[in-house]
Amino acid sequence: MPAVPLVVLIALLALPAAFAPLPAMATEEPGFEVLEKAEPFELRRYAPMIVAETLVEGSLGEGSNAGFRLIAGYIFGKNRSRTADSSEKIAMTVPVTMQTGQKIAMTAPVTTGNVDGRWKMHFVMPAQYTMQTLPVPSDPRVSLREVAEQRIAVKVFSGFVTEDRVRRETEELLAWMKTRNLDPTAAPQLARYNPPWSIPFLRRNEILVQYRHP
């Protein structure tokens, strides 16, 4: 199995304590249907969604902080309403995605959209919005993008998340996908849904890999 790069998906309250004054993690998640379940693995079909995203530089921690501040600024009011001469606040959802812009070594040759080492972070927008009703970002570094329906392979696990743990869980998911002849079409992601003070064995973590389907 080739080495799998770390691609990190960070939930809101898993970010540093500097963001403690912000509202608590929301409960809305992107809609999906479970197509197959063989614990700890799942195949899911995700409904189309809209994301607000940005590209940032620096280390994982620096990129997390910078990306979070940019997009959190957008949803907390640094925007222009399409229906009024004012800004809007948008409800937070989970998970929050952070992905490195680099070439990925996987069972099939896949690359992300960028290869300059920057980090891509996005927040999924609440399902009530469309591209025509979401407020316009005031910061040009934040953009809105529609994401089509996706098929995603998932490995669920609990406990602490470390780089070694992420690599191991990702390799196990890719191996499981190979037994089902599922070809990855995007970089692996790590989803974390709990604040850092949660009891480890109660934490919900997931590795996500998009795959090709007929």
Net lengthening on full extension, Glu29/Phe201 (0.36 nm per residue, minus Cα-Cα): 59.8 nm
Packing-based ranking, highest mean first, of 126-136, 85-95 given that Cβ atoms within 10 Å are counted: 85-95, 126-136
Burial ranking of peptide ranges 164-174, 137-147 (average Cβ count within 10 Å, highest at the top): 164-174, 137-147
Pairwise FRET efficiency - Arg212 versus Arg167, Cβ, R0 = 30 Å, nearest 0.05: 0.85
Near-label residues of segment 77-91 by backbone N, under 12 Å of a point 7 Å along Cα→Cβ of Ser138: 77-81, 86-89
Segment Asn181-Gln128, extension gain: residue separation times 0.36 nm, minus the distance between their alpha carbons: 15.5 nm
Per residue Cα convex hull volume in Å³ - calculated over segment 173-214: 87
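Values in this text are rule-based calculations from the coordinates and carry no lab data. Quick caveat, the model's predicted, so the values are computed rather than measured. Here the Cβ is made from the backbone with ideal geometry for all residues, glycine too, and neighbour counts use every protein chain on show.
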